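Report on the structure given below.
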Amino acid sequence: MEHYDLRREEIVKACEELYDQYNFKDITIKLISEHTSFSRPSIYNYFETKEEIFLALFQREYEKWKEELDEIREKNDDLTKDQFAKLLAHTLEDKERLLKLLSMNMYDLEENSRMERLKEFKEAYGNSIHALKLCLNKFFKEMTEEDTIEFIYLFFPFMFGIYPYAVVTEKQKKAMEEVGIHYRYYSIYELAYMEIKKLLK
């Protein structure tokens, strides 16, 4: 089982490194196999589709984020709304890969993955929601259960749009300028901080 996990992790790591250089559509199982120590047919012993590999990467990104949320909760006795907004925004600042994955077409990713893989991903996603809920419960005792649910149901969909608004190519900027749209560009941190502050009011 340990050998299986190590091989699986090698595939996900190769996908991660490629995704930092290429777009989803340009990455193939063949390309991923070229960045591992084994052949393309061997990958199918671990993942049936490219989407399953990306889903595993996605799962790992959520698991890392959950760890940071847990750390905020465990290392702080109390936080003001502004302090919490800054800390939570900082957890997303270094999660560009997670935010980039969120901006993809989730329907295709999930539809082309087996139920077993989808359940593993959903568990990691659910754990991150729970970790954020525990933070809100600890630091903002005045928030009702309904307030907490509203925060989560507004914040998680908001995360889907952070990457395309914060990470803009020179080509996109030029197109905006040429059609006369004067757009103010914000960082991942700035967008997240503004939204969290607004949701906590």
With +1 on the Cβ of every Lys and Arg and -1 on the Cβ of every Asp and Glu, the dipole magnitude of the chain about its Cα centre, in debye rounded to the nearest 20, is 380
Between Arg114 and Asp147, what length comes free when the chain is fully extended (0.36 nm per residue of separation minus the Cα-Cα distance, one decimal in nm)? 8.4 nm
Which listed residue (Gln21, Asn45, His3) has the Cα farthest towards the positive end of the charge dipole for the range 1-46, taking +1 on Lys and Arg C-beta and -1 on Asp and Glu C-beta about the Cα centre? Asn45
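Give me the extension gain from His182 to Asn137: residue separation times 0.36 nm, minus the current Cα-Cα distance, reported in nm with one decimal.
So the extension gain works out to 12.2 nm.
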Report the Cα-based extents of the range 1-46 along its three principal axes, largest first, to the nearest Å. 32, 18, 14
Cross-link table Lys81/Lys201; Lys25/Lys50; Lys122/Lys197, entries beyond 20 Å C-alpha to C-alpha: Lys122/Lys197
Of the range 78-119, those with amide N under 17 Å from the point 7 Å along the Cα→Cβ vector of Ile129 are 102, 106-107, 110, 118-119
Would you mind computing, in nm to one decimal, how far apart the modelled labels at Lys13 and Tyr44 are, each placed 7 Å from Cα along Cα→Cβ? 2.6
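Explain nothing, just the number: relative contact order of the chain, from Cα pairs under 8 Å at least 6 residues apart, as a whole percent.
Details: 170 pairs, mean separation 49.8, N = 201.
Worked out over the chain, it gives 25 percent.
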In order over the range 180-192: 3J(HN,Hα) from phi, Karplus 6.51/-1.76/1.60, θ = phi - 60°, whole Hz, x for each Gly or Pro, gives x, 8, 9, 10, 8, 9, 10, 7, 4, 4, 4, 4, 5
Determine the principal axes of the Cα atoms in the chain, then give the extent along each, sorted from largest to smallest and rounded to whole angstroms. 55, 51, 27
If N is the number of residues in the range 112-201, what value comes out of its Cα radius of gyration divided by 2.2 N^0.38 Å? 1.44
Connecting every pair of Cα atoms under 10 Å apart in the chain and solving the GNM, the largest mean-square fluctuation among Thr80, Thr148, Thr49 falls on Thr80
Tell me, in nm to one decimal, what length is gained between Ser37 and Lys75 on full extension, where the rule is 0.36 nm per residue of separation less the Cα-Cα distance? 9.7 nm
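Laboratory data are not the source of any read-out in this text; all were calculated from the coordinates shown. This structure is a prediction, so every number in the text was calculated from the model and none was measured. FYI the Cβ positions are ideal-geometry reconstructions off the backbone, even for glycines, and counts take in every protein chain you see.
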